[in-house]
1. May I ask you to verify whether T38 is at pLDDT 95 or above, more than 23 Å from the chain's Cα centre (by Cα) and not in a helix (DSSP H, G or I)?
2. Please count how many residues of region 245-291 are in contact with a helix residue (DSSP H, G or I) (Cβ under 6 Å, 6 or more places away or on another chain) and either within 23 Å of Y413 (Cβ to Cβ) or surrounded by 24 or more Cβ atoms within 10 Å (Cβ to Cβ) (or both).
3. Taking the condition hydroxyl-bearing (S, T, Y) and touching a Ser or Thr at 6+ places or on another chain (Cβ under 8 Å), does S157 pass?
4. Of the residues V478, V460, V392, V441, which is closer than 30 Å to Q130 by Cα and under 22 Å from the mean Cα position of the chain (by Cα)?
5. Kindly evaluate G390 against the criterion of being modelled with pLDDT of 95 or more and buried (at least 19 other Cβ atoms within 10 Å of the Cβ).
6. Quick one: how many residues across region 23-68 are within 30 Å of D318 (Cβ to Cβ) and either in the same structural domain as Q334 (by TED's automatic domain parsing) or among the small types (G, A, S) (or both)?
7. Please enumerate the residues belonging to region 432-465 that are under 22 Å from I151 (Cβ atoms), out of contact with any Pro (no Cβ under 8 Å at 6 or more places or on another chain) and not in a strand (DSSP E or B).
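The values are calculated or read from the model by the stated rules, or taken from the named source; none is laboratory data. All values derive from a computational prediction rather than experimental measurement. Glycine gets a Cβ as well: all are built from the backbone with ideal geometry, and neighbour counts include every protein chain shown.
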Amino acid sequence: MPSVERIIRMKIVAKHYINGQFVASHGRESLDLINPATERIIGRVILGDEQDTRDAIRAAKEAFKMFSRTSVDTRARYLQALHDSVIARLDEHTAIMVEEYGGVYQFSQASSRRAAQSFLEAKRALQEIQFTKSVGKSLVSLEPLGVAGLITPWNASSSFICGKLAAALAAGCTAVVKPSELSALQTQLLMECFDKAGLPPGVINIVIGRGDVVGAEITRNPDIAKISFTGSTVVGKTIARDAVATMKRVTLELGGKSPNVLLDDADLDKAVPFAVTAGFMNNGQACINGTRLLVPESRLAEVKVAIREAVKGLKVGDPAAPDTAIGPLVTRKQYDRVQDYIKRGIEEGAEVIIGGQGHPPKLETGYFVKPTVFVNVTNDMTIAREEIFGPVLCVIAYKTEDEAIDIANDTSYGLHAYVATSDPARGRQVADQIVAGRVMVNAFYDEPRAPFGGFKQSGVGREFGVYGIEAFLEPKAVFAA
């Protein structure tokens with residue numbers, strides 16, 4: 001497997017993508033971009049302001065007049081062009097994600113490939129939607145909502161941007177994207193790809209800036225008809241509250257505290273390594289991570305031994321190395337946040353069986369965290385209730401299957417869940433009782449056509465496939481004599 005080329009040398013991102021052109025930022029605030037593995041400054045971004053955002057919204061509003069009337073075939077061709085343009089630079093997307101974000105090589109490559117694939121998945125789903133049909137005496141058509149505001153996080157930046165954008169464009173909406181300012185170098189490459197794809201001016205607009213500036217303008221601006229946001233539950237609630245003032249439609253994909261239920265018949269040789277992977281993937285910075293591992297009391301001792309061995313086998317270090325399993329966290333702030341949670345877990349009485357506070361040995365530079373596993377965790381502890389967003393796994397013991405299901409559902413979240421068992425039928429029965437948008441039995445399945453989203457405080461609405469495109473459409477009934 002090839003190593004990641006170090007391609008970034010203090011690059012300045014000073015332009016947004018508005019109305020089909022790279023436009024100098026009206027905003028003047030700057031932000032240094034820091035490699036989380038080395039703590040060195042590798043770039044700088046000039047952040048957009050309200051004026052940049054209004055210019056982008058104005059361009060998208062004008063472009064919507066034409067784009068909303070395009071045929072399904074035309075939009076399918078645009079989606080294909082976007083895929084082709086993004087996938088052509090796959091190696092660069094991978095390298096920049098490793099360098100700027102600290103994603104490990106294999107995850108970064110898969111995430112970058114998934115970003116490009118989003119456009120093909122939307123193209124395929126587009127063919128499954130019946131945009132007009134007769135309902136009694138009416139003709140019902142699915143109409144694009146208008147200008148979509150797409151607000152995305154830093155933990156898989158390109159994948160989130162492309163996934164939301166693909167659905168919006170497939171529906172016939174134009175878009176204003178506010179990516180994370182921490183992902184400016186990744187965004188710059190995407191903007192170049194989108195420009196090369198040759199869509200009409202104003203269909204895609206991107207403004208890099210802070211959430212409380214660019215995101216706030218998108219949320220309050222009356223010319224934004226729909227917001228699709230991925231991020232924290234706290235921010236999602238703010239967006240939902242403020243969007244109601246102009247009756248914006250919202251899709252919110254928020255936090256998670258996903259349970260992974262090991263049933264008493266689980267094959268630990270398979271279930272424990274998977275549980276560690278599910279808990280620590282993407283350096284622990286994923287809303288779908290299975291961070292609460294529910295284990296039968298009768299098997300707790302052997303699970304603890306198996307966990308120690310599984311974690312010891314994980315390489316923590318340089319994210320560019322192909323065999324690295326866990327890289328650094330994205331920022332010093334995120335590192336400090338995770339350290340505080342580990343400290344809190346110890347103070348509340350949980351036992352660390354591997355990992356703990358501080359940097360891993362020989363990794364004092366960079367935002368590296370020791371992969372940490374707690375046992376003797378009860379579901380009322382802070383580390384079991386709140387989303388930590390780092391490589392921290394909480395093991396919770398249970399006595400009966402019913403108790404395990406109760407613990408799994410005893411959370412304010414409901415995004416993802418996992419079940420491990422030697423009996424798939426039993427696994428399905430347990431999965432049916434867990435309140436979560438997706439439940440994986442015995443593996444991690446990547447099905448981009450299935451809906452993705454959460455119950456409870458994990459969000460509102462669904463993404464992916466037909467479900468994701470329909471979130472940008474509104475039914476309209478016409479009656480004619």
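1. Values: at pLDDT 95 or above: yes; more than 23 Å from the chain's Cα centre (by Cα): yes; not in a helix (DSSP H, G or I): yes.
Judged against the criteria, T38 is a match.
2. Applying the first criterion (in contact with a helix residue (DSSP H, G or I) (Cβ under 6 Å, 6 or more places away or on another chain)) to region 245-291 yields 250, 252, 254-256, 259-262, 268, 272-273, 276, 282, 289-291.
Restricting the remaining residues to those that are either within 23 Å of Y413 (Cβ to Cβ) or surrounded by 24 or more Cβ atoms within 10 Å (Cβ to Cβ) (or both) gives 250, 252, 254-256, 259-262, 272, 276, 282, 289-291.
Counting residues in region 245-291 that are in contact with a helix residue (DSSP H, G or I) (Cβ under 6 Å, 6 or more places away or on another chain) and either within 23 Å of Y413 (Cβ to Cβ) or surrounded by 24 or more Cβ atoms within 10 Å (Cβ to Cβ) (or both) gives 15.
3. Working: hydroxyl-bearing (S, T, Y): yes; touching a Ser or Thr at 6+ places or on another chain (Cβ under 8 Å): yes.
Yes.
4. Working: V478 fails: under 22 Å from the mean Cα position of the chain (by Cα); V392 fails: closer than 30 Å to Q130 by Cα; V441 fails: closer than 30 Å to Q130 by Cα.
Among V478, V460, V392, V441, only V460 is closer than 30 Å to Q130 by Cα and under 22 Å from the mean Cα position of the chain (by Cα).
5. Numbers: modelled with pLDDT of 95 or more: yes; buried (at least 19 other Cβ atoms within 10 Å of the Cβ): yes.
Judged against the criteria, G390 is a match.
6. Looking only at that region, the number is 3.
7. P448, P451, G453, G454, F455, K456, Q457, S458, G461
Conditions (1) outside the structural domain of Y335 (by TED's automatic domain parsing); (2) crowded, with 24+ Cβ neighbours inside 10 Å; (3) touching a residue at least 12 places away in the same chain (Cβ under 8 Å); (4) touching a Pro at 6+ places or on another chain (Cβ under 7 Å), marked per residue:
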residue	(1), (2), (3), (4)
T382	no, no, yes, no
E386	no, no, yes, no
A397	no, no, yes, no
E403	no, no, no, no
D406	no, no, no, no
A417	no, yes, yes, yes
A425	no, no, no, no
V430	no, no, yes, no
